[in-house]
Structure formats: structure tokens, C-alpha cells
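Heads up: the structure comes next, in C-alpha cells.
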Amino acid sequence: MSADSDSDRPRRPIRRFDVFAEYNRIKNEVDGMPADQARGRAIWLAKVVAGRRGMTSSSGSGGGHKDEKHGRSESADEEKFLSVGGETQTDRTFEHEIVERMGRAFYEGTFRPAIEATHGEGKRYEDIRDTIRKAWK
């Protein structure tokens, strides 16, 4: 692979937020959550935590549980996707704010496998959040 390959470098700097969201996506899937819901919950949690630290401009408490209607009962929707600041956090939100931001080739070829490896080794998010990003700056 060449030094300027799309999978070698992210399109934008990798944030702790990105690592936290991906780590939690993996954790959710390992715990048996469907992939779409795992992504939605991971981005939701990342925003809630970031909001508590004053890192986002979301004005909601982050505790809302409302989803768009997709032909399921309201209670099923509320359990599947959660909202932050009045915006439902879905797998599409994860796709846009994490995957597209860093670039699909980098996400699939470098970022995702690296986070999966650390999770598989039993490493905690707090132990990897900064060290894993150094090579991508």
C-alpha cells in the first residue's frame, strides 16, 4: 500500500469522540445488539458523554428516547434509537459523523480493525483513547 493510500490516513483528525463511539459500537455488538442499533447507541452515548463534559453544542439533556416512525410500535422505536438535543441518533448518524468524516477506506481498512483488535485484547477505552490516535495524526 502506498504512503498516500486512502486507507492509511484519515480525511480529518481522529478524535477521542471517534474512538469512544467505535469502541462502544463494538461493545454493543459483542453484547448482542443488532448492528444498526449498536451504531445508533454508540453515537448517542458519545454525544451524551461529550455533552456532559461541555464538548458539544447539544442543548438537550441527552436523555430523550424518541425515534422516527418506521412502521413499528412507538415503544419499539423508543428502545431502538435514542435522541440527543432533539435529534435521533441512528446508524445513519454514525455513518455520517464517524465513517464519512474520516473516510470509508480509512475507517474500514485501518480504524475499525485497530479498535476491534484493542477491544478483543480486553483493553479499556481509557487505556487506548490517546495512544491509538497518535499514528493517525
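Taken together, the values in this text are just the output of simple stated rules run on the coordinates, not laboratory data. From a predicted model like this one, the values you see are computed outputs, not experimental measurements. As a convention, Cβ positions derive from the backbone with ideal geometry for all residues, glycine included, and neighbour counts pool all protein chains shown.
Annotations for the structure displayed:
- Potential lengthening of the chain between Arg12 and Ala35 amounts to 5.8 nm, from the contour at 0.36 nm per residue minus the alpha-carbon distance.
- The label point for Lys134 and the one for Glu108, both projected 7 Å from the Cα toward the Cβ, are 3.0 nm apart.
- Amide H contacts under 5 Å for Leu82, placed H, 5+ residues apart: Gln89
- Between the beta carbons of Glu116 and Arg53, assuming R0 = 22 Å, the FRET efficiency works out to 0.30 to the nearest 0.05.
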